[in-house]
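Only the coordinates and a few stated rules stand behind these numbers; no lab work does. Keep in mind that what you see is a predicted model, and the values were worked out from it rather than measured. Cβ placement follows ideal geometry from the backbone for every residue including glycine, while neighbour counts extend to all protein chains displayed.
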């Protein structure tokens with residue numbers, strides 16, 4: 001992924017309901033790409049960004065360290081063409097190159113098509129949990 005892909009990635013994220021300003025997406029891009037424990041990837045066809053993936057290395061105390069797919073979005077008009085599968089394979093290769101033996105991800109309970117996609121790639125549901133968040137003000 002390059003900075004020139006930011007507008008397309010912003011559009012892809014909005015397809016899943018993740019709205020952010022162009023400035024905020026640029027800030028997040030700089031934060032992610034400035035860390036060697038993170039990778040941001042895009043899939044393109046004819047110069048057009050069709051998909052985006054963010055993976056990172058997660059160290060932990062309570063379980064072995066693993067790679068985590070934080071985001072995967074394929075343009076709605078391009079789903080079912082193997083683009084997501086190719087990006088997941090690239091993320092798994094990234095993880096293996098860094099010595100990780102497992103990859104994790106979370107998917108909203110309402111996204112049954114995504115669950116089927118990940119299941120077809122060999123991912124299994126291993127836990128059910130709640131995401132809890134507190135907004136902090138500075």
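Here are a few candidate values for mean projected area of the Cα convex hull in nm²: [x] 8.6; [y] 9.7; [z] 7.9. Which one was actually calculated from the structure I just gave you? Answer label, from the structure shown: [y]. Relative contact order for segment 9-108: 23 percent, from Cα pairs under 8 Å spaced at least 6 residues apart, divided by residue count.
How big is the gap, in Å, between the Cα center of segment 10-26 and the Cα center of segment 105-123? Here the two parts' Cα centres lie 21 Å apart.
Secondary-structure-derived ellipticity at 222 nm for the chain, considering helices only, amounts to -10000 deg cm²/dmol, per-run term -39500 (n - 2.57) for DSSP H runs with n ≥ 4.
Computed from the C-beta positions of residue 102 and residue 30, the FRET efficiency with R₀ = 22 Å rounds to 0.20.
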